[in-house]
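Here the structure is laid out as structure tokens; the discussion comes afterwards.
The values are calculated or read from the model by the stated rules, or taken from the named source; none is laboratory data. Just so it is clear, the model here is predicted, and its values are computed rather than measured. Neighbour counts are summed over all protein chains in view; Cβ atoms, including those assigned to glycine, are modelled from backbone coordinates with ideal geometry.
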Amino acid sequence: MRPVTRIDKRTDTPPTGDERAVLTTFLDYVRDTARFKCEGVSPEDARRAPLPDSPLMTLCGLISHLRWVEYYWFQVVFLGEDDEGPWTEEDPDREMRIAVDVPLAELLADYEEQSARYRRLVASSDLDATARRAVRDGWHPNLRWILFHLIEETARHNGHADILRELADGRTGA
């Protein structure tokens, strides 16, 4: 019998109806769904880019991208830390490109470890707290906006993962 994992218990039903619970529950739900889309995929299929006009679109690339997107919004924008992401001006999607050289299990473990760290950050921060670093036009988003944005970004990429997984081995759903 297979052990029950966090992915098996994913839910979009918050424990309470307050705003923080709704935002954090939905972010965890879309994170877990991204991981669920990768469950049981072969290492070859995780690295395969089946769309001819999207050579970086792989399951490994998507998980790496989601991990680094959260890093950017929480650590670089919200906390104001130096940007030490893998991207460069010459290669702005490098986090997706280098992911094919990393086992999917390692990418997923890094993503989960980082998610746990950011859960603690969000739990200890006010939703109205303003990011230390400005984005577009000098605007400083608050934590609430960052959470909404990460839910949207992760959910959108889950749609990509659906397509990649179906093309890889026919698995669909959830």
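Of note, LEU66 satisfies the criterion of being of a type in the set (A, V, I, L, M), buried (at least 20 other Cβ atoms within 10 Å of the Cβ) and either modelled with pLDDT under 95 or part of a helix (DSSP H, G or I) (or both). Regarding the stretch 18-34, can at least one residue be identified that is of a type in the set (Ser, Thr, Tyr), part of a loop (DSSP other than H, G, I, E, B) and either free of Cβ contacts under 8 Å to residues at least 24 places away in the same chain or more than 25 Å from SER125 (Cα to Cα) (or both)? Looking for residues that are of a type in the set (Ser, Thr, Tyr), part of a loop (DSSP other than H, G, I, E, B) and either free of Cβ contacts under 8 Å to residues at least 24 places away in the same chain or more than 25 Å from SER125 (Cα to Cα) (or both), one finds none in the stretch 18-34, hence no.
Restricting to the stretch 107-122, name every residue that is of a type in the set (A, V, I, L, M) and either under 13 Å from LEU27 (Cα atoms) or modelled with pLDDT under 95 (or both). Please lay out each step first, then the result.
Step one: list which residues in the stretch 107-122 are of a type in the set (A, V, I, L, M), which gives 107-109, 116, 121-122.
Within the stretch 107-122, ALA116, VAL122 meet the criteria.
LEU56 meets each of the listed conditions (1) modelled with pLDDT of 95 or more; (2) more than 23 Å from ARG10 (Cα to Cα); (3) not polar (S, T, N, Q) apart from (1). If you filter the stretch 123-174 down to residues that are of a type in the set (Lys, Arg) and in contact with a helix residue (DSSP H, G or I) (Cβ under 6 Å, 6 or more places away or on another chain), you find that the one that is surrounded by the most Cβ atoms within 10 Å (Cβ to Cβ) is ARG165.
Let's see how each residue does on (1) without any contact (Cβ under 8 Å) to a residue 40 or more places away in the chain; (2) under 27 Å from PRO50 (Cβ atoms); (3) assigned to a loop (DSSP other than H, G, I, E, B):
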site	(1), (2), (3)
GLY80	no, no, yes
GLU84	yes, no, yes
THR88	yes, yes, yes
PRO92	yes, yes, yes
ILE98	yes, yes, no
LEU108	no, yes, no
LEU121	no, no, no
LEU127	no, no, yes
ASP137	yes, no, no
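Restricting the stretch 39-63 to residues that are of a type in the set (Gly, Ala, Ser) and outside any helix (DSSP H, G or I), the residue that is surrounded by the fewest Cβ atoms within 10 Å (Cβ to Cβ) is GLY40.
Quick one: in the stretch 69-91, which of the residues that are exposed (fewer than 13 other Cβ atoms within 10 Å of the Cβ) and not acidic (Asp, Glu) is farthest from ILE151 (Cα to Cα)? Talk me through it step by step, then tell me what you get.
So the first thing to find is which residues in the stretch 69-91 are exposed (fewer than 13 other Cβ atoms within 10 Å of the Cβ), and the list is 80, 82-84, 88-91.
From what is left, the residues that are not acidic (Asp, Glu) are 80, 88.
Working: GLY80: 21, THR88: 25 Å.
Looking at residues that are exposed (fewer than 13 other Cβ atoms within 10 Å of the Cβ) and not acidic (Asp, Glu), I get THR88.
As a summary of the residue check, GLY40 satisfies the conditions (1) on the phi > 0 side of the Ramachandran plot; (2) without any contact (Cβ under 8 Å) to a residue 24 or more places away in the chain except for the one numbered (2).
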